[in-house]
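Take a look at the structure set out below.
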Amino acid sequence: MVPTVKFSCNISNTDYSAELGLEICIDDLQIFNQEWISGPVTFDYDFSDSDGVHELKFVMKNKTRRHTQCDAEGNIINDARLVIADIAFDEIKLGQMMTDLSIYQHNFNGTGSDIQDKFYSEMGCNGTVTLPFTTPVYMWLLENM
C-alpha cells in the first residue's frame, strides 16, 4: 500500500457576493474547482507520499473591476479577496513556510505588468500561488521548518 498525505485548507471570501473562483492543483491534477466561493469552504485531499518533486497551486479566477471599490482619488476602499488559511499537510500547518517558499504571480487583473509577489494567505488578484515541495512530506517539512 502506498503511503498518503492529507492536504487541507480553509477557503473564504472577504465579500461573498463577489463571484471569485478558485482552483487547486497538485502538479497537473486539478483537485478542487469552484467557480464562486459563496461561503466558507473546508477542503482536504489525500495524495501519494512517494518520492517526488511536486507543486501545489492555488489559482484565483473571475475577479473583475467591479469587485474593487475606489474613492474619488483612486484609493481602494473595499476589495474582494480570497483568504486561504490553515494550509496543512497531515494537519501540520505550513504557516510561515507558505510566505517564505511560495510565489504569487499576477498582473493586477490586467492593469499592470506580470509580477512575482509574496503570499500572505490572501489573493486579491486573479493569478497563481505556487508552492514547490517534495515527498515524503515529513522530510520536506523537517528541512523547511
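The values are calculated or read from the model by the stated rules, or taken from the named source; none is laboratory data. Keep in mind the model is a prediction, meaning the values are calculated, not measured. Here the Cβ is made from the backbone with ideal geometry for all residues, glycine too, and neighbour counts use every protein chain on show.
Taking the criterion of being within 11 Å of the chain's Cα centre (by Cα), of a type outside the set (D, E, K, R) and either more than 16 Å from D27 (Cβ to Cβ) or modelled with pLDDT under 95 (or both), would at least one residue in the range 67-74 satisfy it? Scanning the range 67-74, I find no residue that is within 11 Å of the chain's Cα centre (by Cα), of a type outside the set (D, E, K, R) and either more than 16 Å from D27 (Cβ to Cβ) or modelled with pLDDT under 95 (or both), so the answer is no. Of all residues in the range 3-19, one or more are polar (S, T, N, Q) and closer than 13 Å to G124 by Cβ.
Figure legend. Inter-residue proximity from the range 1-22: first residues under 19 Å from H54 (Cα atoms), second residues of a type in the set (D, E, K, R) and assigned to a loop (DSSP other than H, G, I, E, B), beta-carbon distance below 8 Å, spacing 6+ or different chains. Indicated pairs: V2/D49; P3/D49; T4/D49; V5/D49; V5/D90; K6/D90; K6/E91; S8/E91. Residues in the range 89-140 that are among the aliphatic types (A, V, I, L, M) and under 22 Å from F32 (Cβ atoms): I92, L94, M97, M98, L101, I103, M123, V129, L131, V137. Across the range 88-114, the number of residues qualifying as within 15 Å of M60 (Cα to Cα) and of a type in the set (A, V, I, L, M, F, W, C) comes to 2. Please determine whether any residue of the range 70-88 is of a type in the set (K, R), touching a Gly at 6+ places or on another chain (Cβ under 9 Å) and touching a residue at least 60 places away in the same chain (Cβ under 8 Å). Within the range 70-88, one or more residues are of a type in the set (K, R), touching a Gly at 6+ places or on another chain (Cβ under 9 Å) and touching a residue at least 60 places away in the same chain (Cβ under 8 Å).
H67 fulfils the conditions (1) in contact (Cβ under 8 Å) with a residue 40 or more places away in the chain; (2) more than 14 Å from C125 (Cα to Cα) except for a single criterion, (2). Close contacts from the range 37-48, counting a first residue that is in contact (Cβ under 8 Å) with a residue 12 or more places away in the chain and among the hydroxyl-bearing types (S, T, Y) and a second that is surrounded by 12 or more Cβ atoms within 10 Å (Cβ to Cβ) and part of a loop (DSSP other than H, G, I, E, B), with Cβ to Cβ under 6 Å and a gap of 6+ residues or different chains, come to S38/Y16.
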